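One structure is given here, and the rest of the page talks about it.
The values are calculated or read from the model by the stated rules, or taken from the named source; none is laboratory data. Fair warning: this is a prediction, and the values are worked out from it, not measured in the lab. A quick note on method: Cβ atoms are made from the backbone with ideal geometry, for glycine too, and the neighbour counts reach across all protein chains shown.
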Amino acid sequence: MRAVNRIINTGILTWIIGLIVWQLLSLASSPDFLPGPYQTLLGAIELSKDGSLWQYMGASLFRVAVGWSLGSLIAIPVGLIMGRVTVIRRLTEPFLNFIRFIPPLAFITLFMLWFGIGEQSKIILILYSTLFIVILNTMTGVLSIEEDKIRSARSMGATEWQTMLHVIIPATVPYMFTGVRLAMSTSYMAIIGAEMIAADKGVGFMIWNARLYFKMDWIFVGLFALGLMGYFTDRLLNWFGSTVLARYGIAGGTAFRGRLR
């Protein structure tokens, strides 16, 4: 019974069921339209022989890591300032709530014209997709702090900077963590669109290029590569939160504590 529970808890049973259902669906269809797990594995081996699969995954992962990191580093202080300074929040929030509904893919053409077809345009696109999610979560965290805590810090002689450092930021960390974790998923969505349109490497390029040769197994390899990269980066981020940020209330398996307004 313990072994069964362990299998269920680790998610292995879910994967087994998913692979079985996938295999059954592929048997009812043509491999040219829905390749099964085995055909997809062969496609991954084919792409791995010359190292192209690892190059594509590495290129996408690098772009996501740089754009997501830069976006988070910019968004967190902006969210803190917007949450604390009412005038700035009232001036910027209408624009923020307008532009955040424009999807990153709508800016691909403009970013290529402004920043070229190299790495800059793709990284800035990911930065854009990261920015607003982290800003909103951070600002929401600041606004959710009870005013009594801030008054108590001030009554003990704390300056505005000390209040920010010792009261506001620690209380907002769970919301920041939620924001950067959510932004990670949107970063992967953004980079795939950019790589499909203007790139000569990356998982998005691989998926888009596979359609020219009607290589459905390559497309499924690309989908699995994206899922695996996203899963492991999210697990790494969750591990960081549960170890380094544990004292701020981030626990292993903590998902989305903050909420967008």
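Taken together, L110, L70, L96 contain a single residue that is in contact with a helix residue (DSSP H, G or I) (Cβ under 6 Å, 6 or more places away or on another chain) and in the same structural domain as S129 (by TED's automatic domain parsing), which is L70. For the range 199-215, residues that are in contact (Cβ under 8 Å) with a residue 24 or more places away in the chain and surrounded by fewer than 18 Cβ atoms within 10 Å (Cβ to Cβ) total 2.
Close Cβ contacts (under 9 Å, 6 or more residues apart or on different chains) running from residues in the range 68-97 that are closer than 18 Å to T172 by Cα to residues that are outside any helix (DSSP H, G or I) and aliphatic (A, V, I, L, M) comprise G83/I145. Taking the listed residues R63, R84, R90, the one that is in the same structural domain as L182 (by TED's automatic domain parsing), within 24 Å of I123 (Cβ to Cβ) and charged (D, E, K, R) is R63, with no other qualifying.
Go through I145, I169 for me and flag whichever is part of a helix (DSSP H, G or I), among the hydrophobic types (A, V, I, L, M, F, W, C) and either more than 30 Å from the chain's Cα centre (by Cα) or more than 24 Å from Y231 (Cβ to Cβ) (or both). Criteria check complete, one pass: I169.
Taking the conditions exactly as written (small (G, A, S) and either assigned to a helix (DSSP H, G or I) or not assigned by TED's automatic domain parsing to the domain that holds I123 (or both)), does A199 satisfy them or not? Explain how you work it out, then say what you get.
On the way: small (G, A, S): yes; either assigned to a helix (DSSP H, G or I) or not assigned by TED's automatic domain parsing to the domain that holds I123 (or both): no.
Against the criterion (small (G, A, S) and either assigned to a helix (DSSP H, G or I) or not assigned by TED's automatic domain parsing to the domain that holds I123 (or both)), A199 does not qualify.
The set of residues in the range 90-109 that are under 17 Å from G193 (Cβ atoms) and aliphatic (A, V, I, L, M) comprises I102, L105, A106, I108. Within the range 103-121, residues that are free of Cβ contacts under 8 Å to residues at least 60 places away in the same chain reach no partner that is exposed (fewer than 15 other Cβ atoms within 10 Å of the Cβ) and not in a loop (DSSP other than H, G, I, E, B) with beta carbons closer than 6 Å at six or more positions or on different chains. Against the conditions (1) surrounded by 13 or more Cβ atoms within 10 Å (Cβ to Cβ); (2) part of a helix (DSSP H, G or I), where does I117 fall short? Just the number, please. With (1) surrounded by 13 or more Cβ atoms within 10 Å (Cβ to Cβ); (2) part of a helix (DSSP H, G or I) applied to I117, the lone miss is (2).
Could you go through the range 180-194 and let me know if any residue there is in contact with a Lys or Arg (Cβ under 7 Å, 6 or more places away or on another chain), in a helix (DSSP H, G or I), buried (at least 19 other Cβ atoms within 10 Å of the Cβ) and not β-branched (V, I, T). Don't jump to the end; show me each part of the working.
First pass over the range 180-194, keeping only residues in contact with a Lys or Arg (Cβ under 7 Å, 6 or more places away or on another chain): 191, 194.
Cutting the leftovers down to in a helix (DSSP H, G or I) gives us 191, 194.
If we keep only those that are buried (at least 19 other Cβ atoms within 10 Å of the Cβ) too, we end up with 191, 194.
Retained after the next criterion (residues that are not β-branched (V, I, T)): 194.
Yes, that holds for at least one residue.
Taking the range 60-77 as the range and being of a type outside the set (A, V, I, L, M) and farther than 19 Å from A194 by Cβ as the test, only P77 passes.
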